[in-house]
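J.: Provided herewith is a single structure, encoded as structure tokens, for subsequent inquiry.
The values are calculated or read from the model by the stated rules, or taken from the named source; none is laboratory data. All of these numbers come straight from a predicted model, not from anything done at the bench. Because the Cβ atoms are built from the backbone with ideal geometry, glycine has one as well, and the counts that use them run over all protein chains shown. Ligands, DNA and RNA are excluded from the accessible area calculation, which covers all protein heavy atoms including side chains. Shrake-Rupley method; radii C 1.70, N 1.55, O 1.52, S 1.80 Å.
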2 protein chains.
Amino acid sequence: MSAPNTLTATEIARQIDAGTLSAEAVLRAHLDRIDQRDADVLAWSHLARDAALEKAKALDRGPRKGLLHGVPMGVKDIIDSYDQPTGYGSPIYKTHQPLADAATVALARDAGAILLGKTVTTEFANRFPGPTRNPHNPAHTPGGSSSGSAAAVADYQVTLATGTQTGGSVIRPAAFCGIVGYKPTYGHFPTAGMKANTEWLDTIGAYARSLDDIALFRAALMAIPYRPIEAPLSPPRIAVCYTHHKAELSPEGRAAVESAAAALAKAGAKVTEIDLPAPVSDMTAGQKTLSAFDGPRAHADEARRFQDLLSKSLREDKLAAGAKIDHTAWTAARRLGEHGRAAVDALFDDIDVILTAPAPGEAPVGLGFTGHATFNLLWTYLWMPCVTLPFTRGPNGLPVGIQLVGRQHEDARLLDLAAWVQGALR
Amino acid sequence: MSAPNTLTATEIARQIDAGTLSAEAVLRAHLDRIDQRDADVLAWSHLARDAALEKAKALDRGPRKGLLHGVPMGVKDIIDSYDQPTGYGSPIYKTHQPLADAATVALARDAGAILLGKTVTTEFANRFPGPTRNPHNPAHTPGGSSSGSAAAVADYQVTLATGTQTGGSVIRPAAFCGIVGYKPTYGHFPTAGMKANTEWLDTIGAYARSLDDIALFRAALMAIPYRPIEAPLSPPRIAVCYTHHKAELSPEGRAAVESAAAALAKAGAKVTEIDLPAPVSDMTAGQKTLSAFDGPRAHADEARRFQDLLSKSLREDKLAAGAKIDHTAWTAARRLGEHGRAAVDALFDDIDVILTAPAPGEAPVGLGFTGHATFNLLWTYLWMPCVTLPFTRGPNGLPVGIQLVGRQHEDARLLDLAAWVQGALR
């Protein structure tokens, strides 16, 4: 029998339901794993060992609570929790104890999830990194900004975790850590209680080690009925898209997309290569304009009162740069988004899903730089649902994934299509 | 000389700059007014008398801080402040002291504004009212949900105040209290640090007793350069729009729009009556779908842990109703918004501004019901900038205003056009 910390949430829920596993046993297996590995991975900014264990015991005494009954969950420490400190990756908030749970935390608890702890985020989900290491090789970054969530799920320290993506902060760490990452259509997971970075882009997302778990977690986080994933019976139409950043792909990143495309065509998919319509080529820049403009505004209080406690990177790359951006450039970027989204939506008359890279390639060496979001910025700003699937390994033996991008609002369909892709690539 | 609490912010800034008035004198005049009137109006959920006075003295000792140097400001108590309690209009948060200022609070302080206090909001900016009374007649509602901000500015207890609008919560109270209210294009004022009600609709807005003050306040709250209002030299093209809710206008509400339209035509404007394009007739329902759907999600923590501390109105009209809405209805409402906004935007090839009612008519009698948002919901969901201008009086002697609605993102132009309208109506 597999150790309970290596099971999926779907399997944990099934076994607890069948009476063959207890929430306490699941929780203890995760705590054991954390005991072994925490010093190497450093994924947690706060661990609630005792409270989580008490909660597991209480769940074992009571009736089934919901979809996630007894499933341990990590929450990126940019998202509020009423009973655990929430530091936003900044010394300014080291004493911060919110009075309320963020919506996604409360909804997951409603479904029976156990909040095992808060996971390391970069400073305010920007660039300045935390201590977390890639569980596949501690000399490499796990990616950011959802560093701790991706690393903890990949390392079997927790079953599910939430992250947030403003640039590439859910999809990229999933690729670097070799797990499934899901960034929903903008606005699908409620953001109440998440520390704002960039309105218009901030999207809460999810990590798991299986697609089925993403579907389960998604239903809980949206408070919608759960429908298990069903891969379509006939092969889908897949559009391979290297974006206008093709030259920035590393050899292993490009090879992964090419080899996945070939395998999917062999499995019967109608695979074509597409160029994105005209407005989209400016959307990477548009994303940067929105994000920079919001910097000195969303962080106005921290900039005003705690300048010395901000990283140099935040002060210079975000606050100083953002203060130079004109409001008319911001409104132009907002209009660009509308045009770009409409143009890309029209593509879906002829395609089912886009296949692209989730990151340039393997996780870079070192912990100071969390990697380029080049293959994420435009999808984030297109508000389209994205999934990272683990696929292969790169020259350093680190995970290299692929990214699937679906039509806006058709998130459930994207997960179904991803299941077809995963089946075809096996 | 006018008492300093009756001056506009623009005038206060000018006189403080000229050395003919001190921030302390301004603040004391407001405190005197509050002493006289607070028991009748009950606009404040927290007053920072001493801290505000200390701040005024400190400003008088230092150099000019910015656009709002020495101007007293009220902030709707749905918006966080680091040094004043923030109750969100709910007993759940009666001990709540945020660690940080919301973005709009910090930006206003950056510009030299003095946070005089937090103003009464309905429960979580929904329907359940606070104690505030209409300063023109205490038997009538000031409107909601930004009840305290509108009443305090109208009653000369503070110079400027912020509010929030998800349905009609900035524009309607301005009309009921006889002041200028401004709801920007969705997303123009940063919402970081505002308690979420409905993503996709929540918009921070501003109250003042003059249009010039709105322009000044706006520049501070967006951290953009200040450009004083300039009314256009030639008369604009004005589209009168009763919306598909015309039958719900009270006689005085309809008469105000008709008489304003006639006066503006006489002043040279090209006045036409328009019907809104097809998708818009469903946008009132679309607004309600979005708002209801978000209810049990944005308030998931309060619903989970503090059910007994929620009003019956919130539990039934928002949480229970919202739980019944299917996610596909929500995505349909989101798509409707995209179509409606594109359709209305196209109208502006032939018109400059829309003239409509800000509310059905005068403020209703009683404090239990804050009035219908019928003439606000669709504009909120169209994300278009709106301004209430005080205009006339109704059968009970209470204020009746008009509402001007501009093209999305062209907020500065809307204020210029509003100045032309105000000049023509004088």
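J.: Local charge sum around A:Ala206 (other residues, Cβ-Cβ under 9 Å, Lys/Arg +1, Asp/Glu -1)? Can you show the working numbers first?
T.: Numbers: positive: A:Lys183, A:Arg218; negative: A:Asp213.
Net charge in that neighbourhood comes out at +1.
J.: Calculate the tail of P(r) for the protein assembly as shown: the fraction of all Cα-Cα distances greater than 48 Å, expressed in %. Walk me through the numbers on the way to the answer.
T.: Working: 75013 of 362526 pairs.
Pairs farther apart than 48 Å: 21 percent.
J.: For Cα pairs less than 8 Å apart in space and 6+ apart in sequence, what is the mean separation divided by the residue count of chain B, i.e. the relative contact order in percent? Working shown, then result.
T.: On the way: 1038 pairs, mean separation 76.2, N = 426.
In percent, rounded to a whole number, it is 18.
J.: Would you calculate the convex hull of the Cα atoms in the range B:20-94 and tell me its volume per residue in Å³?
T.: Working: hull volume 8.2 nm³, N = 75.
Roughly 109 Å³ of hull volume per residue.
J.: Continuing with this model, one more query. Where the accessible area of the range A:9-426 is counted over protein heavy atoms with a 1.4 Å probe, how much of it, in %, is carbon and sulfur? Write down the numbers at each step before the final one.
T.: Values: 7080 of 13690 Å².
Its accessible area is 52 percent carbon and sulfur atoms.
J.: A further question on this structure: Projecting each Cα onto the charge dipole of chain A (Lys/Arg +1, Asp/Glu -1 at the beta carbon, about the Cα centre), which of A:Pro190, A:Ala161, A:Ser311 comes out farthest on the positive side?
T.: My answer, from the dipole projection, is A:Ser311.
J.: Where the only charges are on Cβ atoms (+1 Lys, Arg; -1 Asp, Glu), what is the dipole of the range A:1-51 about its Cα centre, to the nearest 20 debye?
T.: Numbers: 5 positive and 8 negative charges, 14 e Å.
Dipole about the Cα centre, nearest 20: 60 debye.
J.: By the scheme Lys and Arg +1, Asp and Glu -1, what is the net charge of all other residues having a beta-carbon under 11 Å from that of B:Leu59?
T.: Values: positive: B:Lys55, B:Lys57, B:Arg61, B:Arg64, B:Lys65, B:Arg109; negative: B:Glu24, B:Glu54, B:Asp60.
Summing Lys and Arg as +1 and Asp and Glu as -1 gives +3.
J.: Which whole number gives the average count of other chain Cβ atoms within 10 Å of the Cβ atoms across peptide B:216-224? Before the final figure, lay out each step's value.
T.: Details: counts 0, 0, 0, 1, 0, 2, 4, 7, 5.
Per residue, the number of nearby Cβ atoms from other chains is 2 on average.
J.: OK, next. From other protein chains only, count the Cβ atoms within 10 Å of every residue's Cβ in A:291-304, then give the mean.
T.: Values: counts 0, 0, 3, 4, 0, 6, 12, 7, 5, 16, 16, 3, 3, 7.
Averaged over the peptide's residues, the number is 6.
J.: Mind checking the dipole of the protein assembly as shown: about its Cα centre, +1 per Lys or Arg Cβ, -1 per Asp or Glu Cβ, Debye to the nearest 20?
T.: 420 debye
J.: Regarding the range A:74-125, what are the three Cα extents along the principal axes, ordered largest first, in Å?
T.: 32, 19, 16
J.: Roughly how many Å is it from the Cα centre of the range A:187-247 to that of the range B:2-72, as a whole number?
T.: Distance between centres, Cα-based: 49 Å.
J.: Would you list which lysines come within 23 Å of A:Lys246, measuring only between C-alpha atoms, while excluding same-chain residues fewer than 8 positions from it?
T.: Cross-link targets: A:Lys183, A:Lys270, A:Lys288.
J.: Taking the range A:9-426 on its own, what percent of its Cα-Cα pair distances exceed 32 Å?
T.: That tail contains 31 percent of the Cα-Cα pairs.
J.: Per residue of A:327-339, count partner chain C-beta atoms within 10 Å of its C-beta, then hand back the mean as an integer. Mind dumping the intermediate values first?
T.: Working: counts 9, 3, 0, 5, 7, 1, 0, 6, 3, 0, 0, 5, 0.
Mean partner shielding for this stretch: 3.
J.: Straight-line reach from B:Lys57: which aspartates and glutamates fall under 18 Å, measuring Cα to Cα and dropping same-chain residues less than 8 apart?
T.: B:Asp17, B:Glu24, B:Asp32, B:Asp83, B:Asp110
J.: Find out how many positive minus negative residues lie around A:Pro395, taking Lys and Arg as positive, Asp and Glu as negative, among other residues whose Cβ is under 10 Å from that of A:Pro395. It would help to have the intermediate numbers written out before the result.
T.: Values: positive: A:Arg393; negative: A:Glu252, A:Glu362.
Charge balance near A:Pro395 sits at -1.
J.: Okay, next question. Enumerate the lysines that A:Lys94 could reach by cross-link, defined here as Cα to Cα under 18 Å, with residues fewer than 8 away along the same chain left out.
T.: By straight Cα distance, A:Lys94 reaches A:Lys76, A:Lys118, A:Lys195.
J.: Over the range B:1-134, what relative contact order in percent results from Cα pairs under 8 Å that are six or more residues apart? Don't skip to the answer; put the middle values down first.
T.: On the way: 229 pairs, mean separation 37.6, N = 134.
Relative contact order for the range B:1-134 comes out at 28 percent.
J.: What relative contact order, as a whole-number percentage, does the range B:275-426 give when Cα pairs under 8 Å and 6 or more residues apart are counted?
T.: Details: 188 pairs, mean separation 35.6, N = 152.
Reported relative contact order: 23 percent.
J.: Going by average Cβ neighbours within 10 Å, how do the peptides A:123-134, A:107-118, A:2-13 rank, with the highest at the top?
T.: Details: A:123-134: 23.7, A:107-118: 25.7, A:2-13: 19.8.
Ranked from most to least packed, the peptides come out as A:107-118, A:123-134, A:2-13.
J.: Enumerate the calculated ³J(HN,Hα) couplings along the range A:113-123 in order (Karplus 6.51 cos²θ - 1.76 cosθ + 1.60, θ = phi - 60°), each rounded to whole Hz, writing x wherever the residue is Gly or Pro.
T.: Result, rounded to whole Hz: 5, 9, 7, 6, x, 9, 9, 4, 10, 5, 4.
J.: Could you tell me whether the range B:168-266 comes out rounded, prolate or oblate from its Cα gyration tensor? Rule is a ≥ b ≥ c as square roots of the eigenvalues, rounded for a/c under 1.5, then prolate if a/b exceeds b/c, otherwise oblate. Mind showing how you got there, number by number?
T.: Values: a/c = 2.17, a/b = 1.31, b/c = 1.66.
Oblate, since a/c reaches 1.5 and b/c is not below a/b.
J.: Specify which residue in the list B:Gly268, B:Ala424, B:Ala13 is farthest towards the positive end of the charge dipole of chain B, using unit charges on the beta carbon of Lys, Arg (+1) and Asp, Glu (-1), about the Cα centre.
T.: Going by the charge dipole, the pick is B:Ala13.
J.: OK, next. Take B:Phe306 and B:Arg14, extend 7 Å from each Cα along the Cα→Cβ direction, and tell me the distance between the two endpoints in nm.
T.: Using points 7 Å along Cα→Cβ, the separation is 4.5 nm.
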